[in-house]
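Enquirer: Quick one: structure below, then a few questions.
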Amino acid sequence: PEWAALQEKLQHRHTGEAGPLRVSGSDFITESGAIWHARSMSQFLLFDRFQNGEDIKPQLQWLVDHGRNIIRIFVVWAPRAPNPDLAKLPAFFDLCAEYGIRVEASVVTGDNRSVEEWRRTIQTVYDAARERWNVIVEAVNEPWNGWASQLDPQRLMQGVNRHGVLSAYGYAPQGVPGTEDFKAGPALDYVTWHSPRDSHFPHNGKDALG
């Protein structure tokens, strides 16, 4: 078994990513001081697949082979994974790290839980992310949405120990329908940009990398 594990480790490829990121101005900075660029892919249900026993290594290898260096997951998602086994998050993060894949863990993604319930979930995610170089956290996905607008992101985060993990709230630029009355509070370390779902929307990611 040990030889088989060693062979598997030698066979799978790696992005070359390593070490935590920090923010300086509008840039992410690596441990070596270089500006870091995200080559991201949404994998909202990848943790759900992992916690349900699926072998996600082929998916991680595909991400590496296609030049991705970070994925965005939903830790909780009411339609499919309303009550995930959060005890499996550390193993999931560590497996992604073996392939050099960073993880942006989006926590509050929907449903009508109380502030206290969400706060406990958020803290559990931060505890799992602690001292894991490859994890950053989007605490609240779209805080202007009806289900989240009553939560108040700043109140939600009161008393949460982020353990120094880079963190964000979702942010919508002016003009996104449904966000007219939303007053974003102070950003955490960075913001996740939710652009208008207009005819140019499919091109936004490509343009951001240009």
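None of the figures in this text is laboratory data; all of them are computed from the coordinates on show. Predicted model, so just to flag it, every value in this text is computed and none were measured. Positions of Cβ are generated from backbone atoms using ideal geometry, with glycine treated the same way; all protein chains shown enter the neighbour counts.
Enquirer: Once the piece of chain linking L45 and D189 is laid out straight, how much longer is it, given 0.36 nm per residue of separation minus the C-alpha distance between them?
Expert: Contour length minus Cα-Cα distance gives 49.4 nm.
Enquirer: State to the nearest 20 debye the size of the charge dipole of the stretch 22-164 about its Cα centre, where the only charges are +1 on K and R beta carbons and -1 on D and E beta carbons.
Expert: 120 debye
Enquirer: Taking N as the number of residues in the stretch 14-99, what value does Rg over Cα atoms divided by 2.2 N^0.38 Å take?
Expert: It is 1.19.
Enquirer: Tell me, rounded to the nearest percent, the portion of alpha carbon pairs in the stretch 74-118 spaced more than 12 Å apart.
Expert: 66 percent
Enquirer: Calculated FRET efficiency, E98 and D27, Cβ-Cβ r, R0 25 Å, to nearest 0.05?
Expert: After rounding, the FRET efficiency stands at 0.40.
Enquirer: If you don't mind, there's one more thing I want to ask. In nm, what is the difference between 0.36 nm times the number of residues separating A87 and W133 and their Cα-Cα distance?
Expert: Difference between extended and current length: 14.7 nm.
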